[in-house]
Structure formats: C-alpha cells, structure tokens
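The values are calculated or read from the model by the stated rules, or taken from the named source; none is laboratory data. Keep in mind that what you see is a predicted model, and the values were worked out from it rather than measured. Here the Cβ positions follow ideal geometry from the backbone for every residue, glycine too, while neighbour counts run over all protein chains shown.
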Amino acid sequence: MTRRPWVVLLAVLLAAGPVLAAEPSMVTYTLLPPFLANAAKPNILIILDNSLSMNLNAYGSPPDATGLVPDEPYIGPPACAGDCRSYYGYFNADWFYHFSGARFVHKYRKMQYQGDACINAWQVADTTGALACLDNAHVQAEQLWDGNWLNWATMRRIDVARKVLMGGRATAPAGAGHQTVYGEVPSQAGQTFIKFYDSNLNGGAAGSPYPGSYYYGLAAGELFVSQDSNPFAQGAHYPIAVDKQEACEPNDFLEHNLAGVLQHVGDLARWGNEFFNQGTGVNGSGGFIANPIGAAIQSIGADLQNTGADTRSPLAEAFYVAMQYFRQQDVQAGLDYPSQV
C-alpha cells in the first residue's frame, strides 16, 4: 500500500486571525537540501469543527439562560481609550454600511476619529473619495451601521472560520470583484444569541441607527433589533448579507474573487477535508473524509461553505481517523469509525 510523503494536518476549531493579504511562499515554511531541485507538494487535511458549538457567538462567552451574552462588551473606537479592538468578520471594521437591497452595502470609509477637521466625529470618505464628518446624529439620520460593531454583534464562530478558510459563505465566484457573503443559518432551532448595547454608555459610540439602549439578537441568519429583552418577538430585522467589493476591500480578494487561506495557498499544496461524524450508529463516530487528498479546491470549498454545524465534538477520534487515512491503514476493528483508506 502507498504511504504519503508528507503529513500536514490543519485543524480549524475557532479561527480568529486575519486572512493572508498576499500569496504565501512555501519557502517561508520549508528548508530543503540544496541538491533537491523539486519538492513534493505537502498534503493538507482540513478538519473544520462542524460541531453545534460553532453556531455560538464569536465574541464573548456562550449565552446565559435568557439567551443574553453575559460578557465582552463592545470596545471599539471611539468608545475606548488605548484598548480599542478591531473585531474580525464578514464586515470591514474600517467602513460604515447602510442597508439597501436586502444587504449591507459600503457607505463611508473611516479615516480617523476627531481629527483637526472633525470634532467629536469621524472623518470619513464616501465611495467616490469625497470627505465628510460623521457624528452620532449623522449615523442615525443616514441609517448607518459601523462594520466593526456589526462583527462584534453578529458573527458566529462558524462565520469567522469560513472567512479565514475561503473568504466566507459567498455567492458563486465570477471573477468580477463583487460577491455577497451570508451569515450562517443553523438547521437546529434555538441556535440564537442576544447582545445588549447602549450607545449612551459606550462613549457615545453609535454602532447602529438605533440610539440609546437596545437588544440585538441573532437568529436564522438575521439580526433582530428591539428595546424588549426578547428582540425576536417584535421589532426590525435584517438578514446578514454583506456586499463585498474588491474596490473597497482588495485584501479580501484574489484574482477578483473572495479568497481565504485555501485559495491563497492554492495548488502549492494538495488539499482534502474531514468533518466530525454524528456520533451514533455503525461507522458514525469519529470523523469522515469528505474530500480525499488531491481533490479539487472548488469541491473542498463548497463543502466547507455548505456543511452545517450540527454534530458533537469527537476531536481525538477524528484525529485518529485522519492519522489512519494518512498511514493508509484501516481503523482498529470494533470501533464505530469509518475506514477511509
């Protein structure tokens, strides 16, 4: 039986780092003897955590019994003093958005807060480059949303992981520098969370068009807004659909399509992916190889985008299945793990 020359395992359980802005070189990660003219491509097996916990909020502890996230308040500019945070996600933290055509669209790019030209306001540039000052009153009057705040309020763990791996759960690539990404819609009921935000208590920072204290809830791929502690019962709601423009966010694109680590590394490696099993029944435990090493990146990307988070977390068992797959050996007899040699 054939043994594979390289073993590289990439486990994505909760991704929080930024996508590479430029295509990496394998020289960064390898050191080869000078007499070797060519090196075999590494084999990379992605294990994306598809357990139920990936539907939880990306920022803060899991919700309490009422559904409210109990900690990690928003700490973004200008509501911070030396400890400002940039929240990662589908929205660009450096932009203000407005909701138009059933999606969030770029409106103003942030330049700086409270510069010489703008007192107690953002200095911003619109999509044509025209400069303006933007204070809380303008944010509310123009129905604007702060991209940094939106990431804090709406991102699930699975959204962040997908953004890192392939740019997000997006419409089909067309090479036009324009796509839409969508927040996860869990298949199970009850996969919701609520965040409370009072712009009057956060340095006067307007994250949304709603002034003062509001509850913001995420359910079924939509953001619900209400002054009631149960925002899902009443009030406005907005689908998490984010317009992505290469002209506004060039680092999110590669060859005019949204891209993550998978596309940036591309054919410098041979890719495959594994998912957690449901955990019951014959061959239902551990993990299963969804795409074998050497599969097309397009097939792997589609799997990573569309497979929901609805299993348990058999970390060690899935790792064992992956190791047996690389070794090209059957799993031990008597285990309910699928043999994937």
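Here Asn151 fulfils each of the conditions (1) touching a strand residue (DSSP E or B) at 6+ places or on another chain (Cβ under 8 Å); (2) within 30 Å of Leu45 (Cβ to Cβ) apart from (1). Each residue in segment 208-259 was checked for being on the phi < 0 side of the Ramachandran plot, within 20 Å of the chain's Cα centre (by Cα) and of a type outside the set (A, V, I, L, M, F, W, C), and 14 of them qualify.
Filter segment 260-283 down to residues that are crowded, with 22+ Cβ neighbours inside 10 Å and assigned to a loop (DSSP other than H, G, I, E, B) and give me whichever is farthest from the chain's Cα centre (by Cα). Filtering segment 260-283 for residues that are crowded, with 22+ Cβ neighbours inside 10 Å and assigned to a loop (DSSP other than H, G, I, E, B), the one farthest from the chain's Cα centre (by Cα) comes out as Asn277.
In summary, Tyr238 fulfils each of the numbered conditions (1) of a type outside the set (A, V, I, L, M, F, W, C); (2) surrounded by 17 or more Cβ atoms within 10 Å (Cβ to Cβ); (3) touching a residue at least 60 places away in the same chain (Cβ under 8 Å); (4) touching a His at 6+ places or on another chain (Cβ under 9 Å) with the single exception of condition (4). Within segment 193-208, if we keep just the residues that are out of contact with any Phe, Trp or Tyr (no Cβ under 7 Å at 6 or more places or on another chain) and assigned to a loop (DSSP other than H, G, I, E, B), the residue that is modelled with the highest pLDDT turns out to be Ala206. Of the residues making up segment 306-339, those that are of a type in the set (A, V, I, L, M, F, W, C), over 22 Å from Ile293 (Cα atoms) and surrounded by fewer than 20 Cβ atoms within 10 Å (Cβ to Cβ) are Ala333, Leu335. Taken across segment 301-311, residues that are in a helix (DSSP H, G or I), among the hydroxyl-bearing types (Ser, Thr, Tyr) and within 23 Å of the chain's Cα centre (by Cα) do not occur at all. For segment 225-259, a tally of residues being among the aliphatic types (A, V, I, L, M) and either in contact with a Lys or Arg (Cβ under 7 Å, 6 or more places away or on another chain) or outside any loop (DSSP other than H, G, I, E, B) (or both) returns 6. Only residues that are modelled with pLDDT under 95 and within 19 Å of Ile194 (Cα to Cα): list them for segment 72-93, please. Within segment 72-93, Glu72, Pro73, Tyr74, Ile75, Gly76 meet the criteria.
Tallying residues that are buried (at least 16 other Cβ atoms within 10 Å of the Cβ), free of Cβ contacts under 8 Å to residues at least 60 places away in the same chain and within 22 Å of Glu184 (Cβ to Cβ) within segment 284-302 yields 4. Would you mind stating whether Asp71 is touching a Gly at 6+ places or on another chain (Cβ under 8 Å), of a type in the set (Asp, Glu), surrounded by fewer than 16 Cβ atoms within 10 Å (Cβ to Cβ) and free of Cβ contacts under 8 Å to residues at least 60 places away in the same chain? Yes.
For the criterion of being under 25 Å from Lys244 (Cβ atoms), at pLDDT 95 or above, assigned to a loop (DSSP other than H, G, I, E, B) and among the hydrophobic types (A, V, I, L, M, F, W, C), Phe96 fails.
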